[in-house]
Amino acid sequence: QVQFVESGGALVQPGGSLRISCTTSRSTFSIYDMGWYRQAPGKQRELVATVTSSSTPTYVDSVKGRFTISRDNAKKTMSLQMNDLKPEDTAVYYCNKRAGTLWVWGQGTQVTVSS
């Protein structure tokens, strides 16, 4: 069954901005800390931003100050606002729980930063 649907990925120029979103059918979404992950070609999937059930965010150093994570528990959605994008941000972006037994991955959304 579909757990997550990510959307909003695109080709953007360096320095540009993009907002990606994720929606889930999981009724328990609101009680879990969630995260945005990304996987670049030839690299392992990495967790880049997390948000607690009460909307406290954390970020890895490489995106701190450029990315903003948010969630809407009533709508069971999560978003990632990405500013000042760099070529090294190019990856497929996924959402999932922050820790524990992860839910089934969605198809992800492709973000490509290139001139």
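Of all residues in region 98-115 being of a type outside the set (A, V, I, L, M, F, W, C) and in contact with a strand residue (DSSP E or B) (Cβ under 6 Å, 6 or more places away or on another chain), which is nearest to A49 (Cα to Cα)?
So, considering only residues that are of a type outside the set (A, V, I, L, M, F, W, C) and in contact with a strand residue (DSSP E or B) (Cβ under 6 Å, 6 or more places away or on another chain), the one nearest to A49 (Cα to Cα) is R98.
Exactly one of (1) surrounded by 15 or more Cβ atoms within 10 Å (Cβ to Cβ); (2) at pLDDT below 95 is unmet by L102. Its number?
For L102, the exception is condition (1).
Assuming R19 fulfils every condition listed in (1) open to solvent by less than 60 Å² (accessible area, probe 1.4 Å); (2) part of a strand (DSSP E or B) apart from one, which condition is it?
(1)
Okay, residues lined up against (1) outside any loop (DSSP other than H, G, I, E, B); (2) small (G, A, S); (3) within 17 Å of E6 (Cβ to Cβ); (4) open to solvent by less than 40 Å² (accessible area, probe 1.4 Å):
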position	(1), (2), (3), (4)
T50	yes, no, yes, yes
S54	no, yes, no, no
T58	yes, no, no, no
G65	no, yes, no, no
S70	yes, yes, yes, no
S79	yes, yes, yes, yes
Y94	yes, no, yes, yes
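Restricting to region 1-31, count the residues that are touching a strand residue (DSSP E or B) at 6+ places or on another chain (Cβ under 7 Å) and either at pLDDT 95 or above or among the hydrophobic types (A, V, I, L, M, F, W, C) (or both).
Looking only at that region, the number is 17.
The values are calculated or read from the model by the stated rules, or taken from the named source; none is laboratory data. A quick note: this is a predicted structure, and the numbers were derived from the prediction, not measured. Reconstructed Cβ throughout: ideal geometry from the backbone, glycine too, with neighbour counts over all protein chains shown. Calculation scope for accessible area: heavy atoms of the full protein, side chains included, ligands and nucleic acids excluded. Shrake-Rupley method; radii C 1.70, N 1.55, O 1.52, S 1.80 Å.
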